[in-house]
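**Q** To start, I am sharing the structure in question, which I have written as structure tokens.
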Amino acid sequence: MRKTGSWKSARETREKWKRFRSRIWGITLQRCCAIDLRELRGVSAPPWGGRERRQAPRRGTGIGRWLRNVLSVRDQLAPEIRTLGIGRHLPGITTAVPGPRPPWTGINLNPLLKRESARLWFSPYFKFPPGIRVPAVITVHDTIPARYGVKRLLFRTRLKWSLKRAWKVCTVSHTTREELIREWNVKPERILLARNCVGREFHPQEQGGDAVVLERHGLSSRNYLLVVSDDRPHKNLKTIFSAFMETKGEPIVIVGSRRNDLPERFRVIPFLPENDLPVLYRHARVLLHPAFEEGFGLPPLEALASGTPVIVSDIPVMREVVGERGILLPPDNPGIWRNTVASFKPEPIDTAEILREFDPLESNRELWDCLRNALA
């Protein structure tokens, strides 16, 4: 017959183990941040048959590049946080899980968040699901859709809803931050700044495969003008078309446009492989960026980091990002753009200084500190 004392001792040991195990699991699992990856274009979902850990192809948008930079420094700034990628996978995601069937709301997401012990929701865009029971950090890259297009009223309504209900609002430039405070009544203490950064693939050193890429696109080094932009109205490509439509000279390469009615001088590349973009930056004579508005303006920064001079529009965010490192012109004066390009003489660019100012570690420190403190 077992003695009562030994039975009590065994029970106490089991209870101590349970308390110890729950404490350890609390440390490792409850510091979990769910990241909404469902709308990240250019990133394919892994074949869900359980939890997958694999790298997705590096293609796509500025939002995708910004999020990759954010995740790239997690190990240095917040290694204790477990990142839960919902719907997609990226490097820097600890675990990826498939999301529920749309629409995403608290009804179908709260059980998932509870099961994974996620205590925070992070969205790389301004939208987040209604009804979730954890604090949400959203990201506002810009508010440009509130002023352009037939859906601007819908955008304003959704953005107001998100700004009112989010716990924190992340943004990518001082210009957008000031706009959120001034025009959208967001309190300064609710805003986190995580500026866009320069990927290490953008540098001035010529690589062995550069000549092959240039030959594939029919270009020669320092003998073409480069534009990296789509056709949306605020990108203001009409200034470039008006300035150079009837002129002859070096090719004008437009990456991201879908126009097919331009003269032969214009080389339109609607879809460019991600690995080709640094090469085109590196060997262009100059980058042209005539946008009326930007949330940040990543192409001029990437071009400067690649050692290529830039001519950009004289707008607040370009003064912030480019400043005296480039030439700033009125965005609506094609004649000035044409004359400036014709007489342009490049000057040396301090690429090391650009990399220091837009370093991923320092740019994302405020964001990761906030997430870490919220999950402490």
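The values are calculated or read from the model by the stated rules, or taken from the named source; none is laboratory data. Computed from a predicted structure; not experimentally measured. Here the Cβ positions follow ideal geometry from the backbone for every residue, glycine too, while neighbour counts run over all protein chains shown.
**Q** Do you know which of the residues in the stretch 97-129 that are touching a strand residue (DSSP E or B) at 6+ places or on another chain (Cβ under 6 Å) and among the small types (Gly, Ala, Ser) is nearest to ARG156 (Cα to Cα)?
**A** SER123
**Q** If I go through the stretch 334-350 residue by residue, how many of them are part of a helix (DSSP H, G or I), surrounded by 14 or more Cβ atoms within 10 Å (Cβ to Cβ) and either not polar (S, T, N, Q) or not assigned by TED's automatic domain parsing to the domain that holds ASN236 (or both)?
**A** Qualifying residue count for the region: 5.
**Q** Just need a number here: residues in the stretch 334-351 that are within 30 Å of the chain's Cα centre (by Cα) and of a type in the set (S, T, N, Q).
**A** Within the stretch 334-351, residues that are within 30 Å of the chain's Cα centre (by Cα) and of a type in the set (S, T, N, Q) number 1.
**Q** What number of residues within the stretch 199-210 are of a type in the set (Lys, Arg) and in a helix (DSSP H, G or I)?
**A** 0
**Q** Restricting attention to the stretch 167-198, which residues are assigned to a loop (DSSP other than H, G, I, E, B), closer than 19 Å to PRO124 by Cβ and not aromatic (Phe, Trp, Tyr)?
**A** Residues satisfying the conditions are VAL172, SER173, VAL186, ALA194, ARG195, ASN196, CYS197, VAL198.
**Q** Considering the stretch 141-150 alone, what residues qualify as being over 19 Å from CYS170 (Cα atoms) and surrounded by 12 or more Cβ atoms within 10 Å (Cβ to Cβ)?
**A** ARG147, TYR148, GLY149
**Q** Determine the pairs where a residue that is over 14 Å from SER229 (Cα atoms), located within the stretch 256-267, has a partner that is surrounded by 10 or more Cβ atoms within 10 Å (Cβ to Cβ) and of a type in the set (A, V, I, L, M) with Cβ atoms under 9 Å apart, the partner being 6 or more residues away or on another chain.
**A** Within 9 Å, the pairs are ASN260/VAL268; LEU262/MET245; LEU262/ILE252; LEU262/ILE254; LEU262/VAL268; PRO263/MET245; ARG265/MET245; ARG265/ILE252.
**Q** Sort out which residues of the stretch 113-166 are hydrophobic (A, V, I, L, M, F, W, C), more than 19 Å from the chain's Cα centre (by Cα) and assigned to a strand (DSSP E or B), and write them in order of number.
**A** ALA118, LEU120
**Q** Is it true that GLY256 is over 24 Å from VAL322 (Cα atoms) and either surrounded by fewer than 21 Cβ atoms within 10 Å (Cβ to Cβ) or not assigned by TED's automatic domain parsing to the domain that holds VAL310 (or both)?
**A** When the stated conditions are applied, GLY256 does not pass them.
**Q** Please verify whether GLU324 is part of a helix (DSSP H, G or I), acidic (Asp, Glu) and crowded, with 23+ Cβ neighbours inside 10 Å, treating the condition exactly as stated.
**A** No.
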